[in-house]
Amino acid sequence: MALIILPFAFWGVDSYTRSGKSEGAAYVNDMKISQNEFEFALRQQQARLRQQLGDNFDATMMNGPEMRRAVMDNLIAQRLLIDRARKENLVVTDDQIARVIGGIEAFRENGKFDKKKYVEVLSSQNMSPVIFESRLRDELLGQQVQEAYSQNGYVSESVVDRIIRLNEQQRVVSISQIPKKQFESQAKVEVEEIKNYYETNSEEFREGEQVRIEYVKLSVDDLMSKVSINKNELLDYYDQHLVEFGTPEERQAAHILISVNPDASQFDIDAAKSKAEKLLKQVKESPSKFAELARNNSQDSGSATNGGDLGFFGRGMMVKPFEDATFSLKVGEISDLVKSDFGYHIIKLLNVKPSRALSFDEVREGIANQLRLKKASDMFAELAEKFSNLVYEQSDTLKPAAELIGGEVKQLKEWLVKEGNFTEPWQSSIMPAVLSDEAIKDRRNTAAIEVAENTLVSARVLDYKPSAVRDFKLVQDLIRQKLLRKKSEELALKYGAELLDKLKSGNGGKLKWEPPQSITRAKYGKIDSAVVKQIFQVDTSNLPRYVGVLAGGEDFVIARIEAVLNGEIISDIKREQYKQQLRQLTGEEMSGAFMIQAKQQANIKVNMPEL
């Protein structure tokens, strides 16, 4: 679905969800958000995150209230945008819909929109053109409202100039670091302090529920090792897919470019063409001097130094006029003038790598892996439902499920803790199920849980520990270290504050200062950001000035501000760049403020208690 759904995959479909009399998941000013639509949006977000995060994707995040609430908030926001658009009598024309659909690559064949493919792709996603176009129309309606705010931010010239000066102002500073370690030897913690901390903060040391489990996993990856592929299957696949195992023809060409700007006047175009024609005449008279002429005359700086050599390239890698000319030449042949969007080219074909079909032996292993994956995927599809039914029907043992898939029941040696000590991502996905009353009290198998794409796991609790505060003996060293850190930080802060007072009064003693450096709010090298914040907050009317911060809870850092350098005269280009960024920021603020107000004024009802 990610191929065909634009950003509106997350948004609502008014015409789609108005049908039916079932209770909606939510209502926004009488516009219904159905449970089906909510679940669909949730699945879309899951697919999107799975694609983005890969192996780091955790399916359990989709079950959390934060993710579900975010999905619902987006659906509500789209309804509010649509509602506002209709009140303002905004429309999306059929021509607009057609242009957007025609530009979606998934619906194109040979570079053109193909209606048959359009219907087929939508059908594969259980969607009709009517539903899809309704979603698109609603999304475009909402975008009109959103862009009315986000693209119309305002900022005055004086504010722009002031922000540029603040952002590009430089302050010359020297840094002195006082390691916190020198205070650690001075910090002392008594046993009574440790006990008092433990008693006062006992919940800090509470461990969550723990389980020890056994499990069975069904996955395509595991099934691949059970799949066998014979040579005849490999040969049949190779013969039927020969077109996939070829390397296309590539050509090496050099060129001389006389560039023409897209907005050039006719006079400039004629002048460039005249220059190119003179060069072409020289090249034709002395083909051996092509590289020299390219170095001296070509306005393609990237290739001119190499005598115009562009290296090898295949079809589709160059603009069409250039490509067509290159692939019509013979080796050593020089083209006439070729006009492209970049200007006038003179092309010389240097070499040709002909297309070649890879041999069976070269692609054998790749074919084998592809066939194994297909067979394993087919096996997974056949076994998944049986596996799910079996762990439910024979819920007191996992052995039948293991036998079904030719696997084994495995036991985790470590205890799984509710808060997480997971060695593999799938373990976090099963925690809600193994901590259910049914799993703990009745020792029943969990349902078959999709912990990753094409991976199901069912688990059974072997032992259980309720939540409890860890014994004092187990945590007293942790508490001691924590209190020592806190006391050493307090000593460092106290020493730093006293030293700052001395420095400000001109009696700071001898400190080791790093060489002065010039920094801005955005560029400050290795200086801690907390120190930079203090440097730019201090009044610099009377220099030098000193600031000090315990940076990152480690060293106490003192900065001496020695000079202030204001930026250069503000150019029109820089002013315009800042202005655009600030307009975008204020536009986004306006859009956000509109949405907050719209939610406050709307009649919104969410029929999902967990949200």
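The values are calculated or read from the model by the stated rules, or taken from the named source; none is laboratory data. Treat the numbers as computed from the prediction; the structure is a model and nothing was measured. Cβ placement follows ideal geometry from the backbone for every residue including glycine, while neighbour counts extend to all protein chains displayed.
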Inset, instruction - Considering every residue within segment 189-209, establish whether at least one is among the small types (Gly, Ala, Ser), surrounded by fewer than 15 Cβ atoms within 10 Å (Cβ to Cβ), farther than 30 Å from Thr455 by Cα and touching a strand residue (DSSP E or B) at 6+ places or on another chain (Cβ under 9 Å). - result: yes
Inset, instruction - Say whether the condition of being among the polar types (S, T, N, Q), farther than 30 Å from Arg162 by Cα and not in a strand (DSSP E or B) is met by at least one residue in segment 496-509. - result: yes
Inset, instruction - List every residue pair whose Cβ atoms lie under 6 Å apart, where the two residues are 6 or more positions apart in sequence or sit on different chains, the first residue falls within segment 500-528 and is in the same structural domain as Arg545 (by TED's automatic domain parsing), and the second residue, located anywhere, is aliphatic (A, V, I, L, M) and part of a helix (DSSP H, G or I). - result: Tyr524/Val532; Asp528/Ala551
Legend entry - Pair list, Cβ under 8 Å, 6 or more apart: segment 129-142 residue within 10 Å of Val100 (Cβ to Cβ) and assigned by TED's automatic domain parsing to the domain that holds Phe38, other residue assigned to a helix (DSSP H, G or I) and of a type outside the set (A, V, I, L, M, F, W, C): Glu139/Pro7; Glu139/Gln78; Leu140/Gln96
Legend entry - Failed item, numbered, when Ala452 is tested on (1) more than 30 Å from Ser202 (Cα to Cα); (2) of a type in the set (A, V, I, L, M, F, W, C); (3) in contact with a helix residue (DSSP H, G or I) (Cβ under 6 Å, 6 or more places away or on another chain): (3)
Inset, instruction - For segment 436-478, enumerate the residues that are out of contact with any strand residue (DSSP E or B) (no Cβ under 8 Å at 6 or more places or on another chain), of a type in the set (Asp, Glu) and farther than 19 Å from Trp426 by Cα. - result: Asp437, Glu438, Asp442, Asp471, Asp477
Inset, instruction - Give the residue, chosen from Phe327, Phe313, Phe322, that is in contact (Cβ under 8 Å) with a residue 60 or more places away in the chain, crowded, with 16+ Cβ neighbours inside 10 Å and over 16 Å from Glu277 (Cα atoms). - result: Phe322
Legend entry - Matching option when the condition is closer than 30 Å to Arg315 by Cβ and among the aliphatic types (A, V, I, L, M), among Val363, Val391: Val363
Legend entry - Long-range neighbours under 7 Å by Cβ, at least six apart or interchain, first residue polar (S, T, N, Q) within segment 579-595, second buried (at least 18 other Cβ atoms within 10 Å of the Cβ): Gln584/Gly153; Thr586/Gly153; Thr586/Val155; Ser591/Gln146; Ser591/Tyr149; Ser591/Ser150
Legend entry - All positions within segment 285-303 that are under 44 Å from the mean Cα position of the chain (by Cα) and without any contact (Cβ under 8 Å) to a residue 40 or more places away in the chain: Arg295, Ser301, Gly302
Legend entry - Qualifying positions in segment 231-260 - hydrophobic (A, V, I, L, M, F, W, C) and either outside the structural domain of Lys330 (by TED's automatic domain parsing) or touching a helix residue (DSSP H, G or I) at 6+ places or on another chain (Cβ under 7 Å) (or both): Leu234, Leu235, Leu242, Val243, Phe245, Ala253, Ala254, Ile256, Ile258, Val260
Inset, instruction - Kindly check whether there is at least one residue in segment 320-333 that is over 30 Å from Gln370 (Cβ atoms) and touching a helix residue (DSSP H, G or I) at 6+ places or on another chain (Cβ under 7 Å). - result: no
Inset, instruction - Would you mind finding the one in Asp309, Asp222, Asp263 that is under 38 Å from the mean Cα position of the chain (by Cα) and assigned by TED's automatic domain parsing to the domain that holds Ile430? - result: Asp222
Legend entry - Qualifying positions in segment 428-438 - touching a residue at least 40 places away in the same chain (Cβ under 8 Å) and among the hydrophobic types (A, V, I, L, M, F, W, C): Ile430, Met431, Val434, Leu435
Legend entry - Matching residues in segment 292-306 - criterion: being farther than 15 Å from Phe342 by Cα and surrounded by fewer than 18 Cβ atoms within 10 Å (Cβ to Cβ): Glu292, Arg295, Asn296, Thr305, Asn306
Legend entry - Near pairs, Cβ below 6 angstrom, 6+ apart or cross-chain, from segment 227-247 (within 17 Å of Arg372 (Cβ to Cβ)) to any residue that is of a type in the set (Gly, Ala, Ser) and not in a loop (DSSP other than H, G, I, E, B): Val227/Ala376; Ile229/Ala368
Legend entry - Enumeration of residues in segment 461-495 that are assigned to a loop (DSSP other than H, G, I, E, B), within 42 Å of the chain's Cα centre (by Cα) and exposed (fewer than 14 other Cβ atoms within 10 Å of the Cβ): Pro466, Ser467
Inset, instruction - Kindly establish whether Glu514 is under 36 Å from the mean Cα position of the chain (by Cα), acidic (Asp, Glu) and surrounded by fewer than 16 Cβ atoms within 10 Å (Cβ to Cβ). - result: no
Inset, instruction - Could you figure out which of (1) more than 30 Å from Gly525 (Cα to Cα); (2) modelled with pLDDT under 85; (3) not acidic (Asp, Glu) isn't true of Tyr118? - result: (2)
